[in-house]
Amino acid sequence: MEKIFIHDLSEGIHEFDLEVKAEELELCNKEFYPDPLSLKIMVDKIHDVFRLKIDIHTRARYICDRCLDEYDTEFDEKIEQIYQLGHSELDEDEEIVILPEGTREIDISKAIQDTFLMSRPLQLLCREDCKGLCAQCGANWNHQSCSCTTRQIDPRLEKLKMLIK
């Protein structure tokens, strides 16, 4: 868990730089993030309202969905969240997290976990023009060609092929 201590924080802007391991944040698919996460946190305190801006940077190591090669890419995301102690006219806003009176710290782990979950690409590709694997021999078409026939006929339809001849 990663926490920002707010109890003794004075009014104004405060900046923090942290390095955190993916395991410490209990990220889903933490094996995709072998390097520590670099967090640049800016807290702007105005009375009982805390506006947090978090810049996340790390290296992601994914496996391509088409060719099954491992590849590295940069993971850079930003989070903005507003927290408020107690209740006020801002309570109706869905973007504001209400904290109980007397809260001494803000746990930012959930916000970071959600960002990693929502920012992971749906299709993991080593590059946009990835050619994938040969369905017959398994050759990676990005690195080599193969002599397999590219057009394979469904064995159930093989008898129909004879009618064409």
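Where strands (runs of 3 or more DSSP E) sit wholly within the range 39-135, those with at least 1 residues that are out of contact with any Lys or Arg (no Cβ under 7 Å at 6 or more places or on another chain) occupy 49-63, 70-85, 96-99. Of all residues in the range 120-131, those that are surrounded by 12 or more Cβ atoms within 10 Å (Cβ to Cβ) have Cβ atoms under 7 Å from Cβ atoms of residues that are hydrophobic (A, V, I, L, M, F, W, C) and outside any loop (DSSP other than H, G, I, E, B), 6 or more apart or on another chain, in LEU124/ILE63.
Against the test of being in contact (Cβ under 8 Å) with a residue 12 or more places away in the chain, exposed (fewer than 12 other Cβ atoms within 10 Å of the Cβ), touching a strand residue (DSSP E or B) at 6+ places or on another chain (Cβ under 9 Å) and not basic (Lys, Arg), the options HIS7, HIS87 yield a single qualifying residue, HIS7. The combined condition, being under 30 Å from GLY132 (Cβ atoms) and over 14 Å from the mean Cα position of the chain (by Cα), is fulfilled by LEU68. Taken over the range 23-38, the criterion of being under 17 Å from LYS110 (Cβ atoms), in a loop (DSSP other than H, G, I, E, B) and free of Cβ contacts under 8 Å to residues at least 40 places away in the same chain is satisfied by GLU23, GLU24. Kindly indicate whether LEU163 is at pLDDT below 90, farther than 27 Å from LYS40 by Cβ and assigned to a helix (DSSP H, G or I). The answer is yes for LEU163.
The values are calculated or read from the model by the stated rules, or taken from the named source; none is laboratory data. Here the structure is a predicted model, which means the values were calculated and not measured. Here the Cβ is made from the backbone with ideal geometry for all residues, glycine too, and neighbour counts use every protein chain on show.
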